[in-house]
1. Quick one: count up the residues across the stretch 268-285 that are more than 10 Å from the ligand (Cβ to nearest atom), touching a Pro at 6+ places or on another chain (Cβ under 9 Å) and part of a helix (DSSP H, G or I).
2. Every residue in the stretch 85-123 that is within 14 Å of the ligand (Cβ to nearest atom) and aromatic (Phe, Trp, Tyr), please.
3. Could you tell me which residue of the stretch 389-423 is nearest to Arg7 (Cα to Cα), considering only residues that are of a type in the set (A, V, I, L, M, F, W, C) and within 16 Å of the ligand (Cβ to nearest atom)?
4. Could you check, for the stretch 155-166, whether at least one of its residues is touching a His at 6+ places or on another chain (Cβ under 9 Å), under 30 Å from Thr318 (Cβ atoms) and buried (at least 18 other Cβ atoms within 10 Å of the Cβ)?
5. Kindly evaluate Lys297 against the criterion of being touching a Leu at 6+ places or on another chain (Cβ under 8 Å) and of a type outside the set (A, V, I, L, M).
6. Away from the ligand (no atom under 16 Å from the Cβ) and either touching a residue at least 24 places away in the same chain (Cβ under 8 Å) or part of a strand (DSSP E or B) (or both): is that true of Gln324 in this structure?
7. Which ones in the stretch 305-321 are part of a loop (DSSP other than H, G, I, E, B) and not hydroxyl-bearing (Ser, Thr, Tyr)?
8. Six or more apart or on different chains, Cβ atoms under 9 Å: show the pairs whose first residue is in the stretch 372-388 and away from the ligand (no atom under 16 Å from the Cβ) and whose second is of a type in the set (Lys, Arg) and assigned to a loop (DSSP other than H, G, I, E, B).
Amino acid sequence: MDHFTYRDNQLYCENTPVSAIAESVGTPAYVYSKQTLLDHYRAISSAFAELDPVVCYSIKSCGNLHIVRLLAEQGCGMDVVSGGEVFRAQEAGTDMSKVVYAGVGKTDDEIEQAITADIGWFNIESEAEFENIALIAQRLGKQAHGALRINPDVADARTHAKTTTGSKETKFGVDIERARRFFHAYGRNESLRLDAIHLHIGSPIYSPEPYVKAITKALELIDELRGEGFEINTIDIGGGYAADYETGASPAYTDYADAIVPLLKPFKDDGGTVILEPGRTIAANAGILLTEVQYLKQGGSKKFVICDTGMHHLIRPTLYEAWQFIWPAKVAPEHVPAKRAKDLEVDGLEISEIVGPICETGDYLAKDRPLPPVERGDLLAVFSAGAYGMVMASHYNAMPNPPEVLVDGDRFQTIRRRETYEDLVAAERV
Ligand SMILES: *Cc1c(COP(=O)(O)O)cnc(C)c1O
């Protein structure tokens, strides 16, 4: 699953004890495993190999330049959602013909920037957006390619309301009926070739079935549209593949692929291109957030473990009610965790509220969490923090952002330095 393991009762990232990283760069700090990133990219590519997909890593999940570059060097394309991410993709040396650009609110400047960068596809989210991109492409004397984002109206019951996107009542894409009208209105435009269909049904999706349902509907639509003479050569099935937040609780890449590949094989064999947009599943388990326990405090019946990080660096627990495994970096032998799970059956654990320093009641990393006994100064690791972690960090309460460190075997490298107080005010010195 990943390269974070306990050896001699302490946590290692690959062959590096995380305590050595904390000593070197301080806490809090995001720590990523290079080998895990590469393993996940290769594993998803090989699971879907029969489709020879264009894998577009979702930059928004973990966009550090060094990580994007690492993947770009493997031939990975990118899924972007802003001009800033187009910039990141370019800076990382991405083959821009493998870039897909999604998002409902692309501005004129962003569109021009992306067309000039010769990206592969725009994911088209509305009629008004189509008309605007077509107009800008025409003005620039370029031809762009569009993938119409459709809402197949399927959802995974386990996906949080804030991260489901495939239903009719969402700001993303258009429903299937409207998609037909969309092609009739715009399917023959020359400046913006509408030659692809895009899906992204939410995240994380904990089983292959919603994909099967959604892709089946998309393929029916493609057949119908082709019958009417529209040339559709690409299907982008989006991202959302679950990461293993709890050991073994999520489907493997091969489980998704076993269900999806047979559906898309005829489309592929017919000369079609298949795009995947994984983010979370590549990055989540490749990163941890290291934090130091500052204080222990009893509040009524609750025991609070107060850390030097919280919602300002990792907002998933409070924003999505997400569960992430948290464990000390050094433990007694009986507390080496056999797996990362909610129901760990180990003696001597204490139920704790793991909270941060921010002045908000919602500032927590975990509630009612069994934890081995910890003391002030102990190091804790928040696991599966690589995706939607650092990218969502804020400066709330004037807290500088933590550094990011990339581990490669027994070496590690700072890939983003810790911010300073001066960084906090730099843009205000006007
Ligand atoms: C966020 C997003 C993804 C990636 O989702 P993951 O859950 O990280 O795999 C893919 N495609 C689109 C359009 C997205 O918005």
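The values are calculated or read from the model by the stated rules, or taken from the named source; none is laboratory data. Bear in mind the structure is a predicted one, so any value in this text is a computation, not a measurement. A quick note on method: Cβ atoms are made from the backbone with ideal geometry, for glycine too, and the neighbour counts reach across all protein chains shown.
1. From the stretch 268-285, those more than 10 Å from the ligand (Cβ to nearest atom) are 268-274, 285; that's our starting set.
Those still in the list that are touching a Pro at 6+ places or on another chain (Cβ under 9 Å) too: 268, 272-274.
The next check asks that each one be part of a helix (DSSP H, G or I); those that pass are 268.
Adding up the residues that qualify gives 1.
2. Of everything in the stretch 85-123, those that are within 14 Å of the ligand (Cβ to nearest atom) and aromatic (Phe, Trp, Tyr) turn out to be Tyr101, Trp121, Phe122.
3. At the first step, the residues of the stretch 389-423 found to be of a type in the set (A, V, I, L, M, F, W, C) are 390-393, 398-399, 405-407, 412, 415.
After this cut, where a residue has to be within 16 Å of the ligand (Cβ to nearest atom) as well, the list is 390-392.
Working: Met390: 27, Val391: 30, Met392: 31 Å.
Among them, the one singled out is Met390.
4. yes
5. Judged against the criteria, Lys297 is not a match.
6. Values: away from the ligand (no atom under 16 Å from the Cβ): no; either touching a residue at least 24 places away in the same chain (Cβ under 8 Å) or part of a strand (DSSP E or B) (or both): yes.
The answer is no for Gln324.
7. Looking only at the stretch 305-321, we keep the residues that are part of a loop (DSSP other than H, G, I, E, B), and these are 308-315, 321.
If the condition is that a residue be part of a loop (DSSP other than H, G, I, E, B) and not hydroxyl-bearing (Ser, Thr, Tyr), then Asp308, Gly310, Met311, His312, His313, Leu314, Ile315, Glu321 are the ones that fit.
8. Listed by first residue and then by second, the contacts come to Phe383/Arg340.
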